[in-house]
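Structure first, commentary second.
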Amino acid sequence: EVQLLESGGGLVQPGGSLRLSCTASGFTFSSYAMSWVRQAPGKGLEWVSGISGSGGTTFYADSVKGRFTISRDNPKNTVYLQMNSLRAEDTAVYYCAKVIVPAARLGNALDIWGRGTTVTVSS
Amino acid sequence: DIQMTQSPSTLSASVGDRVTITCRASQTISSWLAWYQQKPGKAPKLLIYKASSLETGVPSRFSGGGSGTDFTLTISSLQPDDFTTYYCQQYSSYPYTFGQGTKLEIK
């Protein structure tokens with residue numbers, strides 16, 4: 001079964017850091033681009049960042065550029081989101097998701113999603 | 001950035017109704033559009049990709065259409081399980097923006 005499992009969320013003070021992890025199973029991880037998408041409480045979905053299957057190409061939303069870094073460890077079937085200089089507006093459920101087509105353009109529909117991990121930025 | 005505008009924001013309908021949700025892109029995105037369904041407290045679920053391709057396992061009452069800047073999600077005969085929130089997303093160019101969502105309510 002294809003699965004994604006996020007971890008690493010929690011409560012952090014403004015200006016602090018967290019690293020989210022997303023561990024994949026059930027598919028050839030290195031063949032698929034991955035994305036992080038977040039959802040603030042009571043709000044809609046916001047695409048945050050994406051990374052190609054090789055890890056050589058990364059993209060970010062303007063709201064996180066320069067503060068967040070996406071990376072992946074293909075032998076460990078894991079994608080990460082390093083979040084620095086956190087702000088109250090980063091409070092959200094963070095989902096990781098895989099693209100639908102292997103070895104394709106980074107921009108693609110997201111067919112498998114994890115359950116999400118909650119990040120709360122508050123003093 | 002490409003802006004995605006969904007309409008309506010809220011839609012009231014009854015079981016058995018045919019409904020259509022619209023998504024408009026601020027610039028052309030060819031057919032690089034997906035539709036997702038999200039239930040409260042759950043992750044989004046992919047319904048439609050490449051504007052009109054039905055994801056495996058999704059009921060055939062869901063259909064997508066459009067290209068360029070104007071897109072639709074149609075549910076041909078609403079079932080009780082369909083009353084939830086729907087999002088469009090463009091993946092033509094990053095950032096891969098979502099619409100603001102459409103909440104489908106029981107009339």
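Does the range B:82-96 contain any residue that is surrounded by fewer than 16 Cβ atoms within 10 Å (Cβ to Cβ), within 27 Å of A:L4 (Cβ to Cβ) and at pLDDT 95 or above?
yes
Do we find a residue being of a type in the set (A, V, I, L, M, F, W, C), more than 24 Å from A:D111 (Cα to Cα) and at pLDDT 95 or above anywhere in the range B:17-34?
The answer is no, given that none of the residues of the range B:17-34 is of a type in the set (A, V, I, L, M, F, W, C), more than 24 Å from A:D111 (Cα to Cα) and at pLDDT 95 or above.
Residues that are farther than 14 Å from B:V19 by Cβ and within 14 Å of another protein chain (Cβ to nearest Cβ): find the strands (runs of 3 or more DSSP E) completely inside the range B:38-107 holding 2 or more of those.
So the answer is B:45-49, B:85-90.
From the list A:G53, A:G42, A:G16, which residue is assigned to a loop (DSSP other than H, G, I, E, B) and surrounded by fewer than 13 Cβ atoms within 10 Å (Cβ to Cβ)?
After applying the criteria, what remains is A:G42.
Only one of (1) surrounded by fewer than 22 Cβ atoms within 10 Å (Cβ to Cβ); (2) within 9 Å of chain B (Cβ to nearest Cβ); (3) assigned to a strand (DSSP E or B) fails for A:T118. Which number is that?
Result: A:T118 passes all but (2).
Scan the range B:44-81 for residues that are charged (D, E, K, R) and crowded, with 17+ Cβ neighbours inside 10 Å and report the count.
The number of residues fulfilling the criteria is 3.
The values are calculated or read from the model by the stated rules, or taken from the named source; none is laboratory data. Remember, predicted model here, so these are calculated numbers, not experimental data. When we count neighbours, we look across all protein chains shown, and the Cβ atoms used for this are built from the backbone with ideal geometry, even at glycine.
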